[in-house]
Every structure is written in C-alpha cells, then in structure tokens.
1. If only one of E82, E54, E21 is free of Cβ contacts under 8 Å to residues at least 60 places away in the same chain, acidic (D, E) and within 30 Å of G408 (Cβ to Cβ), which one is it?
2. Just checking, how many residues over region 14-38 are open to solvent by 60 Å² or more (accessible area, probe 1.4 Å) and either among the hydrophobic types (A, V, I, L, M, F, W, C) or under 19 Å from R130 (Cβ atoms) (or both)?
3. Looking at K214, K223, K230, K166 in this structure, which one is touching a strand residue (DSSP E or B) at 6+ places or on another chain (Cβ under 7 Å) and either open to solvent by 50 Å² or more (accessible area, probe 1.4 Å) or without any contact (Cβ under 8 Å) to a residue 40 or more places away in the chain (or both)?
4. When residues of region 83-93 are filtered for being of a type outside the set (S, T, N, Q), in contact with a helix residue (DSSP H, G or I) (Cβ under 9 Å, 6 or more places away or on another chain) and open to solvent by 10 Å² or more (accessible area, probe 1.4 Å), how many remain?
5. For region 156-183, what are the residues that are of a type outside the set (D, E, K, R) and touching a Lys or Arg at 6+ places or on another chain (Cβ under 9 Å)?
6. Can you find even one residue in region 124-134 that is basic (K, R), assigned to a strand (DSSP E or B) and open to solvent by 40 Å² or more (accessible area, probe 1.4 Å)?
7. Considering region 254-271 alone, what residues qualify as being modelled with pLDDT of 95 or more and either small (G, A, S) or open to solvent by less than 10 Å² (accessible area, probe 1.4 Å) (or both)?
8. If we keep just the residues of region 381-398 that are among the hydrophobic types (A, V, I, L, M, F, W, C) and out of contact with any helix residue (DSSP H, G or I) (no Cβ under 7 Å at 6 or more places or on another chain), which is farthest from I23 (Cα to Cα)?
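The values are calculated or read from the model by the stated rules, or taken from the named source; none is laboratory data. Quantities reported herein were computed from a predicted structural model and do not represent experimental measurements. Cβ placement follows ideal geometry from the backbone for every residue including glycine, while neighbour counts extend to all protein chains displayed. Side chains are part of the model used for accessible areas, which takes the heavy atoms of the whole protein and leaves out ligands, DNA and RNA. Shrake-Rupley method; radii C 1.70, N 1.55, O 1.52, S 1.80 Å.
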Amino acid sequence: MDKRTRKQKRDKEKEINFFGEFIKIKRHFFKDFNKKLGNVRDERNQSYIKYNPEIILFTVIMKNVSGIVSMNKMTKDFNKDEVIDNIATSLGYDSLEEIPHYDTINEFLKKLEVTELEKIRDYMIRELFRKRSLEKYRLLDKYWCIAIDGSQLFSFKEKHCAHCLKKEHKNKDTGEVESVTYYHTVLEAKLVLGNMVFSILTEFIENENESVSKQDCEINAAKRLMKRLKYKFRKLNICLLGDSLYSCDSIYELCEEYNWKFIFRFKEGRAKTLWREIQTIKKIENYKNSPNLTYINEVSYQKRLINAVDFTDISDSDTTNENVDINDKSPKNFVFVTNIKLTKRNVLKIVGAGRSRWKIENEGFNNQKNIRYNIEHACCLDYQAIKNHYLLVQVSDILRQLLENGSGALKELKLGIKEISSRMLESFRTDPLTSEDISQLNQHIKIHDL
C-alpha cells in the first residue's frame, strides 16, 4: 500500500463517525432495542434510584463494544461530557448530569435476574429471523445451524461460591490431593451464519449447592439447554452442530424428540460399537464414494439408524474450519455422524456444516476471550453479576458483529477487530451526536450485504 493510499484511508476514517455507524446498525436491526433495555424488571429500591436500567445497561454495552475490559477503566474513560451527551442522546434523554459509576452498575447487576437479559437477546434473534436477511445461511435451504460447546470462564484457588465446580489435583505417586481448583464454566449455543456466530442461548454449568453428591457436567447442561432452546424457538428448523462429546445416545434421543437434525464430529473412543460398525460396513461393502470421501446411510446403533461420512481434506491450505496448525500440511481426516440422509448432492454441504462447528471456538470463544472482550476477566466477583456481565457481552457481540459485517463504511476501510474497537472508543468520547443526527440516521443508512 503506497503513501497516497494510506493517506486516503486516514482521510476516509476521519469522515466516519464510528459511534454513529453503531447507532445506525442498532436502529436498523433492532428499532425497539432501547425500549427493551428500559423494560427489564428492576429489583432495586425505587426510592433511591438515580439511573434507570436502560442507562446502566447501555453504558455496559458501550464498554463492551468499545473493547474496554475492566469496569474501573470504563468509569475513567467514560468520564467525559461527550460520552454523557452521547448516552443521553442515544437513549432519547434531553440531558444527563453523569453516567453511573461501576459500583452502581455492579450493584444493579447483582440483583438483576438473568432471564431479563435473556429476553433482550431473544428479541434480537427473533428480529433477525423476522427480517429474513440471513436466509442464505440455511443448510440445504432449510436448517439453521446452531453449534454448542462449553468453555471455562474463571478459576480460583479457593471456593468462590456455592455454585463452583471443582477439580482435585492429585499426586501421581501417592494419590493424595495436593491442591484444588474451583472454576466456572459456560455452555453456549451459537447460531452459525457464515463468518458470524451469534449467541442464541446460554446455559451455565454449575452446582446447585455445596452439598451435591455429583457435579454438574457439560452433557447434563446440554440437555437443559436443548430443552430451553426447543421451548423458546419451537418452530425453528434446527441442525445441531457439536464435537464428539455430543455423539451419544442421550443427545441423539433428544434430537429425535424435538425433530431436529444433527451433525456431530465422531471419534473412535466416543462410541466404540458404532465406530466398529462403520468400519466393518466400509470394508465389507467396499464403500468409496470418492478418493477422499466415504458416506454410509442407516448404520444400526442403539435402536436407531445413524448416517456417517468420512472425509479427508487433502488440500494444504484449508485450515479455516478446524483448529489445526497452519504449518501442518498433512491430510486432515474428519468423521461426522448425522440423521440427515446423505446423497452425492448434499454430502459436501453436510461436511462443510460439520466443520463450521469450529467457528464457535474461534469466532466465538477465542474472539471473546482474546480479541474483543476478555470474558475471562471478572468485572465483579458476585456470581449473579458475573452471569449478567457475561450475557451483556453476548448481547454486545451481536451488535459488534453486525457493525463489522453490516456497516458499508467500515467494510470499505477493512479494519481489524481491535482497530474498530479503538476507533469506536475514540468516536464515543469525542464525537457527540445531536438529536437531529439521530433522527436522520435511518434516512442515510447503508447496510452492507451480510
């Protein structure tokens, strides 16, 4: 890139109000977003309230969207008249004297029921479906791919709360417990839409209390999550994506009950009888649909029939869909099980969808941990507030991804994730929007093809 081109890029950036672009996206996709923030049930004593819920929640959302990790830094960076004016104007207030301190925000989040933030996310997801702007991402023009996976959020050397999971570290020689790690884990269901992954449901993996005889686990959490997902989105044509952990009879059974499709990664150690059956059929019937692809329909397993596809990626460049070493050029083998009938016409699409499960780890957890928000940083040690902070990140992340992929102005600049965060923060702190600006946003909006 020559100097002239770089200068043109700098000049173009100066023309863009990044916060204005964010408000455009928010208003375009979610016109009732502010109203939903204001409608959350407030458990605080109403006699002492200085900041309404929408002010508190929007402040945290802007912290996340701007790439600020800590609540203390947010309070310092947002302590500007321009920020106060931008929040007031965005929410339709004539003016605000101040915005809430992080202590005030955390006190609010300690009392807020997680279901209140889940309602906001539900509204956002339903609005996206209603606008029909994401139809091209359906698998086989019918199914919405939803990937599920778990990830650890926090760990402590001492018990954090009654809901902590714990892991004992034993001496290899004596078997005695030398130390204990207490931790919190979350299970996510994310809607896979090309390079975007939107959180559609969250299940916290947690012990009910300190006296439980058996700890909560990812499979039990998955069963709870699937039940809630079916309840919230009864008519949604779902294809569940997951790693080999979910290739088990109890998950198959739930998919059948809910009339869902599934595509799960499959490995030999997960279900040995099914693995042996697949290998036997391949040998006896000499299955080989192509040099690197084998698919088999109706393999008998536990009173049901499972379809399987064995795919070897012989390319030396396609490492976008699996967490592999980019320097490793050896062929990559993948086996998937599914309840979708496999044909010559659909099998590669099934493989592609199965491999896209990895996006929940990369575009999902990895981006949220290491690039966008650092979700492993505890913004508050109260467990209820921890969960609410996490859910606010998921709400913010939908908005950020829509901004990055839907803003025509930002797409032209080809900025990285961290660059957008820094420009957003700078704009939010220095470029106040007027009420007239806000009223004209929808008239001049340019939404890039998602």
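1. On the way: E82 fails: free of Cβ contacts under 8 Å to residues at least 60 places away in the same chain; E21 fails: free of Cβ contacts under 8 Å to residues at least 60 places away in the same chain.
The conditions single out E54.
2. Within region 14-38, the subset open to solvent by 60 Å² or more (accessible area, probe 1.4 Å) is 14-15, 27-28, 31, 35-36.
Restricting the remaining residues to those that are either among the hydrophobic types (A, V, I, L, M, F, W, C) or under 19 Å from R130 (Cβ atoms) (or both) gives 27-28, 31, 35-36.
Residues flagged as open to solvent by 60 Å² or more (accessible area, probe 1.4 Å) and either among the hydrophobic types (A, V, I, L, M, F, W, C) or under 19 Å from R130 (Cβ atoms) (or both) within region 14-38 amount to 5.
3. Numbers: K214 fails: touching a strand residue (DSSP E or B) at 6+ places or on another chain (Cβ under 7 Å); K223 fails: touching a strand residue (DSSP E or B) at 6+ places or on another chain (Cβ under 7 Å); K230 fails: touching a strand residue (DSSP E or B) at 6+ places or on another chain (Cβ under 7 Å).
Step by step, each of K214, K223, K230, K166 is checked, and only K166 is touching a strand residue (DSSP E or B) at 6+ places or on another chain (Cβ under 7 Å) and either open to solvent by 50 Å² or more (accessible area, probe 1.4 Å) or without any contact (Cβ under 8 Å) to a residue 40 or more places away in the chain (or both).
4. To start, the set of residues in region 83-93 that are of a type outside the set (S, T, N, Q) comprises 83-85, 87-88, 91-93.
Subset that is in contact with a helix residue (DSSP H, G or I) (Cβ under 9 Å, 6 or more places away or on another chain): 83, 87-88, 91-93.
Now restrict to residues that are open to solvent by 10 Å² or more (accessible area, probe 1.4 Å): 91-93.
Residues flagged as of a type outside the set (S, T, N, Q), in contact with a helix residue (DSSP H, G or I) (Cβ under 9 Å, 6 or more places away or on another chain) and open to solvent by 10 Å² or more (accessible area, probe 1.4 Å) within region 83-93 amount to 3.
5. Within region 156-183, the subset of a type outside the set (D, E, K, R) is 156, 160-165, 169, 171, 174-175, 177, 179-183.
Within region 156-183, V177, S179, V180, T181, Y182, Y183 qualify.
6. No, because not a single residue in region 124-134 is basic (K, R), assigned to a strand (DSSP E or B) and open to solvent by 40 Å² or more (accessible area, probe 1.4 Å).
7. Across region 254-271, the qualifying residues are C255, W260, F262, I263, F264.
8. Top of the filtered list is L381.
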